[in-house]
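Trainee: This structure is in structure tokens; I'll ask about it shortly.
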Amino acid sequence: MTTPAWSRTASAAPSRQAAPLDLISLGRRVRHLRKGKGLTLDRLGEAVGTVASQLSLIENGKREPKLSLLKSLAVALDVTIDDLLGSAPPSRRAALEIELERAQRGPLYASLGLPTVRISSRLPLEVLEALVGLQGELERRMDEQVATPEEARRANVELRAVMRERNNYFPEIETQAHAVLDAVGYAGGPVSQHLIADIAAHLGFSLHHVGDLPHSTRSVTDLKNRRIYLTQSQRTDHDPRSVLLQALGHYVLEHRTPENYGEFLRQRVATNYFAAALLLPEKPTVEYLKRAKAAKEIAVEDIRDTFAVSYETAAHRFTNLATEHLDIRTHFQKTHKSGIIYKAYENDGVTFPQDHTGAIEGQPSCRRWTSRVVFDVQDKFRAYNQYTDTPSGTYWCTARTERAASGEFSLSIGVPYAQVKWFRGRDTDIRETSFCPDESCCRRPPADLAREWSGQAWPSARAHSHLLAAMPPGAFPGVDETEVYAFLAAHSG
Ligand SMILES: [Zn+2]
């Protein structure tokens, strides 16, 4: 048989993780055997040459017995040392008691601030079962939560591969959006809030604006009574038309309850696509874009203004239609002011930063890219345009920043150098060079700053609120060393 963990750690310093658990099992086993023999603590204490209080500490898993005492206990209880240290609990009840004891001593239970239940023979078995069952379920859910970001990254990678292969164009959703618009007599131009209410009515849904929509939701659909609940609040980052169209999208696209994160993500992309395909209908949008291309005047802000949508929606929609209808390959990026990429798409060969799973979301964008430089531009009225030489070629990008409740973001659209002739803003003389993902480009602090501050800075990382934000590598995960060093340099006088 294998050596029990307890005896492995007995002579060395006890392992912080294994020892308490094994002491609990040992203590329960001693108590079970003692009671089975009808012995009091005093009687067993006399038999093994120790006092009742010491035995009690051992039975409660709070003291580690010396090997000599362990041998005496085995003799007095008529078992072998292996029996005492064995892994199988002596009874179902003992197993539950061990489990509850272990849980109550763990950090998760401590974090709940609940009173500790005294584990005694008077505790009913079903209460024990319930407490242990709840603990187990809570731990399982915590584990699931921890596991999600990794699963989310992989699901994002798979989804991006599909979008790239299809040039981000989904004709089946275009067809469904077209049918819905046809049914309510859409005649062209921006899609009004009024028309969208007509669409909801056409699909058999009534709209209800409420003041107590759950904080974690943008809308809630009651499929039984065919009602859609929306917030009354005016303080929303999201176009109310998009929120409603996304809710209707789940219905029109016949989505079922997602079984995993990947399916959840695919559905979200599909409903976003559906909403955009209604706000910027394919036919008039493509006609508009073809005219702009012929005039060599393509500009995302013009799409935004013509169809009365957000810059982000306009940029997204451009990526749906650019390759299929205009023969233009492109990339899109939504980047937080901290430099972390929130959303990205490309079919033009641009090299986005990636983690080991191939995920782009959560990675820091190159400091020399348009998506980062735009934050320093004072003129927020016009789009910022820049040429960037990268290891995978020269790209021209156009970007804007927008403020949302969760911070300031840049939204950028880029194309390979050969395609820039179709875009307004191609005459910019701003040109940057990026070596990323080579660390020497912008990930490592400049040599003079590093010399001055390496080993002299102790920043405390702000926790990333974004689910997908992976920790960039470095001495302090989640902290941008260059920023910290530059900050120190500026403030130290
Ligand atoms: Zn860089």
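The values are calculated or read from the model by the stated rules, or taken from the named source; none is laboratory data. Small disclaimer: the values here were computed from a predicted structure and weren't measured. Here the Cβ positions follow ideal geometry from the backbone for every residue, glycine too, while neighbour counts run over all protein chains shown. Surface accessibility is based on the protein's heavy atoms, side chains included, excluding ligands, DNA and RNA. Shrake-Rupley method; radii C 1.70, N 1.55, O 1.52, S 1.80 Å.
Trainee: Counting DSSP beta bridges with both partners in the chain, what percentage is antiparallel, nearest 5? Kindly include the intermediate steps, with their values, before the conclusion.
Mentor: On the way: 33 of 42 bridges.
If I count the DSSP bridges inside the chain, around 80 percent turn out antiparallel.
Trainee: 7 Å from Cα along Cα→Cβ at both E165 and F487: what's the point-to-point distance in nm?
Mentor: So the two model labels end up 4.3 nm from each other.
Trainee: Under 5 Å between amide H atoms, partner at least 5 residues away or on a different chain: which partners does S219 have, H built in plane at 1.01 Å?
Mentor: For S219, no residues qualify.
Trainee: Explain nothing, just the number: dipole magnitude of the chain about its Cα centre with +1 on each Lys and Arg Cβ and -1 on each Asp and Glu Cβ, in debye rounded to the nearest 20.
Mentor: Numbers: 61 positive and 60 negative charges, 231 e Å.
In debye, rounded to 20, the chain gives about 1100.
Trainee: In debye, nearest 20, what is the charge dipole magnitude of the range 5-144 about its Cα centre with +1 on Lys and Arg Cβ and -1 on Asp and Glu Cβ, if you could check? Walk me through the numbers on the way to the answer.
Mentor: Numbers: 21 positive and 17 negative charges, 78 e Å.
Result for the range 5-144 is approximately 380 debye, rounded to the nearest 20.
Trainee: Keeping all protein chains in place and using 1.4 angstrom, which order do H325, H194, H331 fall into by accessible surface area, from largest down?
Mentor: Descending accessible area places them as H194, H325, H331.
Trainee: Between the alpha-carbon centers of the range 203-269 and the range 19-62, tell me the distance in whole angstrom.
Mentor: Cα centres, the range 203-269 to the range 19-62: 59 Å.
Trainee: A further question on this structure: With every protein chain in place, what's the accessible area of F375 (1.4 Å probe, Å², nearest 10)?
Mentor: Accessible surface of F375 is approximately 20 Å².
Trainee: Moving to a separate point now. Give the residue from A201, L321, F352 lying farthest towards the positive end of the charge dipole for the range 153-442; charges sit on Cβ (+1 for Lys and Arg, -1 for Asp and Glu) and the dipole is referred to the Cα centre.
Mentor: Final value for the positive-end residue is A201.
Trainee: Under a Cβ-only charge scheme (Lys and Arg +1, Asp and Glu -1), can you give me the dipole magnitude of the range 153-442 about the Cα centre, in debye to the nearest 20? Write down the numbers at each step before the final one.
Mentor: Numbers: 36 positive and 36 negative charges, 46 e Å.
So the magnitude is around 220 debye.
Trainee: What per residue convex hull volume, in Å³, comes out for the range 153-442 when only alpha-carbon positions are used? Don't skip to the end; give the middle numbers.
Mentor: Numbers: hull volume 38.5 nm³, N = 290.
Here the figure is 133 Å³ per residue.
Trainee: Which whole number in µm²/s is D for the range 5-144 by Stokes-Einstein, with the Kirkwood Rh taken over Cα pairs at 10 °C and 1.306 mPa s? Don't jump to the answer; show the numbers that get you there.
Mentor: Details: Rh = 15.9 Å.
Diffusion coefficient, whole number: 100 µm²/s.
Trainee: Mind grabbing the base-10 log of I(q)/I(0) for the range 223-325 at q = 0.15, 0.23 Å⁻¹? Debye formula, identical points on the C-alpha positions, no solvent, two decimal places.
Mentor: -0.71, -1.24
Trainee: L125 to T221: FRET efficiency via 1/(1 + (r/R0)^6), r the Cβ-Cβ distance, R0 30 Å, to the nearest 0.05? Provide the component values of the computation, followed by the final result.
Mentor: Numbers: r = 44 Å, r/R0 = 1.46.
Computed FRET efficiency for L125 and T221 comes out at 0.10.
Trainee: Considering the options V243, G185, L84, tell which one lies farthest towards the positive end of the dipole of the chain, charges being +1 on Lys and Arg and -1 on Asp and Glu at the Cβ, about the Cα centre.
Mentor: Projecting each Cα onto the dipole axis, the largest value belongs to L84.
Trainee: Taking θ as phi - 60°, what are the ³J(HN,Hα) couplings along the range 277-283 by the Karplus curve (6.51, -1.76, 1.60), each to the nearest whole Hz, with x for Gly and Pro?
Mentor: My calculation for the range 277-283 gives 5, 8, 6, 10, x, 3, 4 Hz in order.
Trainee: Can you give the helix-only mean residue ellipticity at 222 nm for the chain, where every DSSP H stretch with n ≥ 4 adds -39500 (n - 2.57) and the sum goes over all residues, rounded to the nearest 500 deg cm²/dmol?
Mentor: Values: 20 runs with 236 residues, N = 493.
Taken over the chain, the calculation gives -15000 deg cm²/dmol.
Trainee: For the pair E151/V117, report the inter-label distance in nm, with labels modelled 7 Å from Cα in the Cβ direction.
Mentor: 2.8 nm
Trainee: I need the peptides 383-392, 401-410 ranked by packing, meaning the mean over residues of other C-beta atoms within 10 angstrom, with the highest value on top. Mind dumping the intermediate values first?
Mentor: Working: 383-392: 19.4, 401-410: 14.7.
The packing order, highest mean first, is 383-392, 401-410.
Trainee: Then there is this: Return one whole number: the accessible area per residue of the chain in Å², for a 1.4 Å probe.
Mentor: Details: 26750 Å² over 493 residues.
Roughly 54 Å² per residue, with all protein chains present.
Trainee: I'd like the distance separating the alpha-carbon centroids of the range 400-425 and the range 312-379, in whole Å.
Mentor: Computed from Cα coordinates, the inter-centre distance equals 8 Å.
Trainee: Applying a 10 Å radius around every beta-carbon, put 118-127, 354-363 in order of their mean neighbour count, most first.
Mentor: Working: 118-127: 10.3, 354-363: 18.0.
With the highest mean Cβ count within 10 Å placed first, the list reads 354-363, 118-127.
Trainee: Sticking with this one: Ignoring any ligand, DNA or RNA, what whole percent of the accessible area of the chain comes from carbon and sulfur when the probe is 1.4 angstrom?
Mentor: Working: 13950 of 26750 Å².
Whole-percent figure for carbon plus sulfur exposure: 52.
Trainee: Normalised by the empirical 2.2 N^0.38 Å for globular proteins, what value does the Cα Rg of the chain take? Display every interim value, and only then the final one.
Mentor: On the way: Rg = 31.7 Å, N = 493, 2.2 N^0.38 = 23.2 Å.
Computed over Cα atoms of the chain, the ratio equals 1.37.
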